[in-house]
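**Q** Submitted below is the structure of interest, expressed as structure tokens.
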Amino acid sequence: MSPLQTRFGDVGAPEYLARVWFAALLRDGFALAAAGGSAKFALIAADVLRDVLRDVALTRSLDDAVTHVMDGFAGLNLHVDIAEGIRALRDAGFRLVTLSNGSAQVAETLLTRAEIRTDFDVLLTVEDAPAWKPVRSAYSYAADACGVQPEDMLLVAVHPWDIHGAAQAGMRTAWLNRTDAAYPRYFTAPDYTVCTLSELAARPLT
């Protein structure tokens, strides 16, 4: 997500607002899920972005600024360790799927650009589930879609809240900690902690 910070600068907004925006859109998505509702990631993202930028002295119109930032999702790239790690996991015999709070199209674009789309069986999104992650039903939806039990799945994520949600749903978990961050003590600890996806692929995952 860090390249989106540049998009904020392009429209005259402080780049740090990218973090404020992303945190706020997750907050509202989680609030909807907690209250039993749901909405598409892009809809929440655009509306929250409009609110974040509303009082900023932009170099273009608010509508154009929102469009420019949102268009940045299409240009995101994977971290450099992902392609090698994905292929190693696939070669080890694992079935690979995605489960995103965003759209499947974004995942499709990212993985196709990295030439690893064919390594995945299916790209899942909570848009087809009862609620956003980290609600249990999102992970149950993924298990049902794959025809397995949650305990037979391993969720790999960078967000501790996602790790916690998956663990509460009965899945095994792996935390991808690229920044040597401290894992929050109030969340269920991951089964594995790695710095890169390639490191995970080298682990004996039982």
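**Q** What is the number of the single condition among (1) of a type in the set (A, V, I, L, M, F, W, C); (2) under 17 Å from the mean Cα position of the chain (by Cα); (3) open to solvent by 10 Å² or more (accessible area, probe 1.4 Å) that residue 187 does not meet?
**A** (2)
**Q** Are there any helices (runs of 4 or more DSSP H) wholly within region 1-115 with 3 or more residues that are under 30 Å from residue 204 (Cβ atoms), and if so which?
**A** Those helices (runs of 4 or more DSSP H) span 82-91, 104-113.
**Q** Limited to region 167-184, what total is found for residues that are within 19 Å of residue 82 (Cβ to Cβ), surrounded by 20 or more Cβ atoms within 10 Å (Cβ to Cβ) and not hydroxyl-bearing (Ser, Thr, Tyr)?
**A** 3
**Q** Tally time: how many residues in region 39-69 are open to solvent by 40 Å² or more (accessible area, probe 1.4 Å), closer than 26 Å to residue 104 by Cα and either in contact with a His (Cβ under 7 Å, 6 or more places away or on another chain) or of a type in the set (Val, Ile, Thr) (or both)?
**A** 1
**Q** Sticking with this structure for a sec: Could you list, in sequence order, all residues of region 125-171 that are more than 15 Å from residue 36 (Cα to Cα), part of a loop (DSSP other than H, G, I, E, B) and under 15 Å from the mean Cα position of the chain (by Cα)?
**A** Answer for region 125-171, where residues must be more than 15 Å from residue 36 (Cα to Cα), part of a loop (DSSP other than H, G, I, E, B) and under 15 Å from the mean Cα position of the chain (by Cα): 158, 159.
**Q** I would also like to ask the following. Looking at residue 206, is it more than 20 Å from residue 38 (Cβ to Cβ), open to solvent by 70 Å² or more (accessible area, probe 1.4 Å) and either part of a strand (DSSP E or B) or at pLDDT below 95 (or both)?
**A** Numbers: more than 20 Å from residue 38 (Cβ to Cβ): yes; open to solvent by 70 Å² or more (accessible area, probe 1.4 Å): yes; either part of a strand (DSSP E or B) or at pLDDT below 95 (or both): yes.
Yes.
**Q** Does region 78-102 hold any residues that are modelled with pLDDT under 95, within 13 Å of the chain's Cα centre (by Cα) and more than 15 Å from residue 176 (Cα to Cα), and which are they?
**A** 102
The values are calculated or read from the model by the stated rules, or taken from the named source; none is laboratory data. What you see is a predicted model, and the numbers here were worked out from it, not measured in a lab. Glycine also receives a Cβ, built like all others from the backbone with ideal geometry; neighbour counts cover every protein chain displayed. These accessible areas exclude ligands, DNA and RNA; they are computed on the full protein's heavy atoms, side chains included. Shrake-Rupley method; radii C 1.70, N 1.55, O 1.52, S 1.80 Å.
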